[in-house]
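Heads up, the thing below is written out as structure tokens.
The values are calculated or read from the model by the stated rules, or taken from the named source; none is laboratory data. Remember, it's a predicted structure, so these values are computed and weren't measured experimentally. Neighbour counts run over all protein chains shown; Cβ positions are idealised from the backbone, glycine included. The area values use the complete protein model at the heavy-atom level, side chains included, leaving out ligands, DNA and RNA. Shrake-Rupley method; radii C 1.70, N 1.55, O 1.52, S 1.80 Å.
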Amino acid sequence: MPGSVRADGRRPRGSLRRGGAPWRVPALACSAQFLVVLDVSVVNVALPAVRDSLGFRSGGLAWVANSYALAFAGCLLLGGRLADLYGHRRVFARGLALFTGASLAGGLATTPAALLAARTGQGLGAAVLAPATLTLVTAAFPEGARRARALAVWTAVSSAGGAAGNVLGGLLTETLGWRSVLLVNVPAGLALLVAARTGRTPRTPRSPRTAPAPEAPAPGPGRPARLDVPGAVTATAGAAALTYGLSSAQESGWGAPGTLCALLGGAVALAVFALVEIRYAARPLLPPRLLRLRAVAVGNALMLLAGACLQTPVWYFLTFYMQDVLGYSALRTGLGFLPHTLVAVVVGVRVTPYLMRRLPHRTLIVTGALVCAAGFLWQSRAGAGDGYPGGVLGPAVVFSLGGALFSTPATAQVTSGVPAADAGAAAGLMNTAKQFGGALGLAALLSLSGDAARPDDHTAVFLAMAALLLATAALALLLPRTRTPD
């Protein structure tokens, strides 16, 4: 029980004490998650400077962003299962070290190939790190009000990282140069590594309620943990191929041979992965029993749909709206995202956990999706004559409020009732659903916007986002009716 004392007078590791000592672990995990999400967007504003400095050829520059996204999305399932098999603390530290080292290599790169390799290394480190941050949070607290607050902070930090990347990227590029957007991760990563080495983080709790299922026994003294190699290869290949295909569709169109081959190859690889997990794997990378939990199955479908709006697409299209329609500079555009961040953090951390103790999670998820839809509907009607207050600020307050009401209870749903030995797999699955939702949503929405390099039909894009959020609200009605216990 939280705050309990063992017979020898010592508190169990990861126990909750007044004074908030266990919050050191979520603070560490949330800081690392902030870096992961930040690097999805922080390089975007710096791309013109990168092109001029390293001499990227036409078409190659986009891979400065895509190489990170490809490695990140492709390896999330693998990263989540590594945390289950080899320990969340160890995998967290190794992922953070890889991410930090790759950031240093990227900041010192002198050729396009070196920079792309470093960005791929960052993505691999992020794929290992992101699921571990979520499992550290869920392992620190049992299900209840404290875990809800911790998940609210983790979710708010994830949301803030995307918006903060635009602001920080603009500031650093204009003041210190493009290399600083990568090198800034080095002191931050080293500080987190020191904190992870010197501080205690909770081990995954083991209890009869969360014990591994008989079909996947935990490795014992004579039975070392074994990675599901066929599952890891097929899942990584399938996810990477689909991500590449979606990225290619943005540049070359859905009918391009490269796009079709990548999408078909990814689908075949994932079909083989499903067969391996169901029929052959002794310790599956994605245990099929997870998808038999209604909250996990429906919750990840919701994450996929919502990610198609609230991940990369909303920042992408709002960036072009502010620059092309309102005529903002890159730095002013980055600052224009501050209200999105502030609303998401304040509502997500202060309001949503309070409501989760009084209302069913399903009610909050449906409400959040509907409020988001209203915000995107408003955004679809905005034009140059509305300026910043009516064209950005007003819609931002509405859909950021909806996103803050949606995200934390949705995250709680997909992690509730999951066996402790599968926590990393569940976290990897959730992150994968969000990333693929973002990639698929951006590719599909770009087909509505006219020109990928200069989208000109913002009305159709934001109307489509509103429709997707309405579908999300309808699907959320299938979730179990649960509420955070006091």
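Between ALA49 and ILE278, the simple spin-label model (points 7 angstrom out along Cα→Cβ) gives 5.1 nm.
Across the chain, the mean sequence separation of Cα contacts (distance under 8 Å, 6 or more residues apart), normalised by length, yields a relative contact order of 22 percent.
Counting heavy atoms of the protein chains alone, SER447 has an accessible area of about 80 Å² for a 1.4 Å probe.
Using a 1.4 angstrom probe on heavy atoms only, work out the carbon and sulfur share of the accessible area of the chain in %. Roughly 64 percent of what the probe reaches on the chain is carbon or sulfur.
Summarising the label geometry, the points placed 7 Å from Cα in the beta-carbon direction at LEU393 and VAL346 lie 1.3 nm from one another. Projecting the Cα atoms of PHE141, PRO131, GLY177 onto the dipole axis of segment 94-201, where Lys and Arg carry +1 and Asp and Glu carry -1 at the beta carbon, places PHE141 farthest toward the positive end.
Taking amide H as placed 1.01 Å from N in the peptide plane, TYR328 has its amide H under 5 Å from the amide H of GLN323, each at least 5 places away in sequence or on another chain. On a per residue basis, the chain carries 41 Å² of accessible surface, using protein heavy atoms and a 1.4 Å probe.
Here the Karplus relation 6.51 cos²θ - 1.76 cosθ + 1.60, evaluated at θ = phi - 60°, turns the backbone of segment 149-161 into coupling constants of 5, 5, 5, 5, 5, 4, 5, 5, 5, 4, 5, 5, x Hz, with x for every Gly and Pro.
Taking the Cα centre of the chain as reference, the dipole from Cβ charges on Lys and Arg (+1) and Asp and Glu (-1) amounts to some 2440 debye.
I'd like the distance between the alpha-carbon centres of segment 312-390 and segment 91-117, rounded to an integer number of Å. Computed from Cα coordinates, the inter-centre distance equals 32 Å.
Relative contact order for segment 372-486: what percent, with Cα pairs under 8 Å and sequence separation of 6 or more? Once normalised by length, the contact order is 36 percent. Among VAL153, VAL229, the order of accessible area from largest down is VAL229, VAL153, computed with a 1.4 Å probe on protein heavy atoms.
I'd like the Karplus ³J(HN,Hα) series for segment 377-390: coefficients 6.51, -1.76, 1.60, θ = phi - 60°, whole numbers in Hz, and an x wherever there's a Gly or Pro. Here the 3J(HN,Hα) series is 4, 4, 4, 5, 9, 6, x, 4, x, 7, x, 6, x, x Hz. Largest accessible area first, the listed residues PHE99, PHE320 line up as PHE320, PHE99 when surface is computed with a 1.4 Å probe on the assembled protein chains.
Relative to the longest principal axis of the Cα atoms of the chain, the long axis of helix 394-415 lies at roughly 30 degrees.
Summed over qualifying helices (DSSP H, 4 residues or more, each -39500 (n - 2.57)) and divided by its residue number, the chain shows a 222 nm mean residue ellipticity of -22500 deg cm²/dmol.
Quick one: Cα centre-to-centre distance for segment 145-189 and segment 234-257, in angstrom? Spelled out, the Cα-based centre of one part sits 27 Å from the other. Dipole size of segment 334-476 about its Cα centre, with +1 on Lys/Arg Cβ and -1 on Asp/Glu Cβ: approximately 500 debye, rounded to the nearest 20. Rounded to the nearest 10 square angstrom, TYR316 shows an accessible area of 60 square angstrom against a 1.4 Å probe.
Derived scalar couplings between HN and Hα for segment 344-358 equal 4, 6, 5, 5, x, 8, 9, 9, 4, x, 4, 5, 5, 7, 10 Hz in order, rounded to whole Hz, by the Karplus curve 6.51 cos²θ - 1.76 cosθ + 1.60 (θ = phi - 60°), x for Gly and Pro.
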